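Reviewing the structure listed below.
Values in this text are rule-based calculations from the coordinates and carry no lab data. Quantities reported herein were computed from a predicted structural model and do not represent experimental measurements. Don't worry about glycine lacking a Cβ; one is built from the backbone with ideal geometry, like all the others, and counts go over all protein chains shown.
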Amino acid sequence: MRDTAAETTRLPIPPPMRALGWAVAVGALLPALAWADGRTPPTPGPAHQQGVPARQPVASAEKRDVAVTRQMGFAIPFAVDAPPGAALPAEVRLYVSDDAGRTWTLHQRAKPSQRRFEFRAPAEGAYRFRIETVDARGRPHMPEGEAAELRVNVDATPPRVDLHAARGEAGEVTARWRIEEPNFRPKRMTLQYRSDGGPWQQVALEETNEDRQGVVHQGEVTWWPQPNQEPIDVRLEVIDAADNPAVARATAVVPRPDAKQSAAESPAVRQRPSQPPVVAQAVGSRVFELEYDPDGMAPQQLASVQLWGSSDGGHSWRLYSEDTDRRSPLMVRVAGDGRYGFRISVADGAGTSSPPPRPGDPPQIVIDVDTQPPVIESFTVRRLPDANRPSAHLTWHCRDRNLVTRGVTIAHSATPEGPWTPLVEGLPAAGETTIDLTRLPLAEVWFRLEATDRLGNRAEARGSQPVRGTVGPPRMQVRDLDPVGGGSQARGPRRYIFR
């Protein structure tokens with residue numbers, strides 16, 4: 001028989017639970033656990049140490065913390081804090097639910113002196129726990145509300161990671177990934193590259209590099225390594241909230257120069273000192289300023305400052321402008337959206353100058369110009385046929401290379417023209433949600449989706465039809481009538497209802 005006690009892990013819960021004057025605090029922290037959003041869980045003690053008065057009920061929380069662990073077996077410690085002069089409960093019971101709280105099963109009974117429960121999950125999944133106390137007369141008492149629950153996600157499966165890397169003709173490397181993981185933590189995703197077995201170099205990642213769709217997380221990033229680095233090995237490491245690691249690798253091959261051109265003649269294979277990759281910076285305007293520092297030289301010491309630009313990652317260069325006053329910043333105007341690489345060439349009064357860039361030279365800075373609003377590919381609204389709790393089900397899908405991770409807002413109005421009132425904010429680029437129509441006392445409800453990228457570009461889409469609300473059509477009441485032209489008025493009913 002296996003020794004389950006040696007394999008168990010203590011499990012935390014932030015708020016204490018109490019019933020009938022007994023405050024039951026559950027939890028203690030060991031390193032195997034983490035909250036689903038990456039925060040470090042607190043270590044609660046008895047209820048009075050948590051600042052909860054002995055006879056004051058704990059208020060329910062709208063959003064519960066969820067602990068995540070890869071351990072199938074763990075311990076749930078508890079402490080019973082009795083009010084002064086009160087006896088301890090005769091028994092403490094642990095109930096468990098594996099269907100989001102719809103049904104509960106008695107898992108274990110314990111004396112208050114035992115101070116812990118043991119639990120072994122039969123399978124991975126989401127579990128909820130509740131504690132019930134039983135007094136000396138056998139009367140059970142369980143706190144109500146979701147605040148009294150301990151929620152745990154058991155996840156022993158590593159993320160599934162697919163990685164692809166490709167190198168363009170201009171020398172840039174683009175890495176694309178697809179991750180399947182319900183407990184994904186973006187801050188624990190690392191992308192690195194190296195050439196010819198050299199040291200790994202990290203590529204900067206931002207939240208806008210990914211697009212979340214439920215448990216699937218997709219994204220891409222482009223950077224410019226130094227020329228003559230071949231092949232490029234790319235490595236993506238993902239660690240989920242339960243500390244399950246996964247690593248994927250891919251290789252991007254540098255395009256070969258023309259066979260007739262020797263290595264000495266080819267500008268694409270010139271040896272250059274190693275430097276970190278250039279990551280694109282996004283701007284929402286086709287006119288912007290670039291700041292430069294010519295090694296601390298004063299403007300009067302400079303003879304010229306030239307800005308060279310490339311729209312193909314350094315494969316070709318052209319002179320964009322010359323800074324006539326030789327003072328930073330330098331105004332730049334581009335023709336359209338896209339990625340632009342820039343280099344600055346300077347010359348001093350003594351005739352010393354930095355040469356203009358040649359084909360194959362990497363850019364000093366890469367600007368991603370994006371003035372287009374996000375694309376809303378779909379937005380559907382339908383009323384769910386539930387007479388007891390009428391609701392509307394909304395689904396959507398948006399895309400934009402600079403879309404904010406949670407930049408979608410749902411707004412509502414009584415008319416298709418507005419005014420619009422925000423209803424739900426901070427939604428992902430693709431997803432679904434259910435709106436409780438009892439919160440909106442309207443005869444009919446129009447919904448509108450608003451998507452905003454991190455540059456302020458905004459797109460809107462309105463539902464094609466309204467949904468029937470929870471308030472009937474307005475009732476008009478005629479209070480009285482008066483004869484016209486001096487006629488008499490007969491006595492009778494003086495109130496008329498029009499529907």
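Spin-label pair R137-R176: with each label point 7 Å from Cα along the Cα-Cβ axis, the two points sit 7.0 nm from one another.
Each Lys or Arg adds one and each Asp or Glu subtracts one; over the other residues with Cβ under 10 Å from the Cβ of D155, this totals -3. A convex hull fitted to the Cα coordinates of region 375-468 yields 87 cubic angstrom per residue. Put simply, the amide H of G418, placed in the peptide plane, has no neighbours under 5 Å, leaving out anything fewer than 5 places away on its chain. Per-peptide packing, taken as the mean over residues of other Cβ atoms within 10 Å, places 406-419, 114-127, 191-204 in the sequence 406-419, 114-127, 191-204 from highest down.
Counted by Cβ distance under 9 Å from S310, the other residues give a net charge of 0, where Lys and Arg count +1 and Asp and Glu count -1. Where a ≥ b ≥ c are the square roots of the eigenvalues of the C-alpha gyration tensor, would you call region 313-356 rounded, which needs a/c under 1.5, or, failing that, prolate if a/b is larger than b/c, or oblate? Oblate shape, in that a/c is at least 1.5 and b/c is the bigger or equal ratio. Convex hull of alpha carbon positions in region 302-429: directionally averaged projected area 12.4 nm².
Here region 280-369 is assigned +1 on the Cβ of each Lys and Arg and -1 on the Cβ of each Asp and Glu. Its dipole about the Cα centre then comes out at about 220 debye.
To the nearest 20 Debye, how big is the dipole of region 345-412 about its Cα centre, given +1 on the beta carbon of each Lys and Arg and -1 on that of each Asp and Glu?
Charge dipole of region 345-412: 520 debye, to the nearest 20.
Full extension of the segment from Q114 to T352, taken as 0.36 nm per residue of separation minus the current Cα-Cα distance, would add 77.5 nm.
Applying the Karplus relation 6.51 cos²θ - 1.76 cosθ + 1.60 with θ = phi - 60° to region 282-293 yields 3J(HN,Hα) values of 8, 9, x, 9, 8, 10, 8, 10, 10, 8, 9, 9 Hz, where x marks Gly and Pro.
Can you give the net charge of the other residues whose Cβ lies under 13 Å from the Cβ of T251, counting K and R as +1 and D and E as -1?
Here the count lands on +1.
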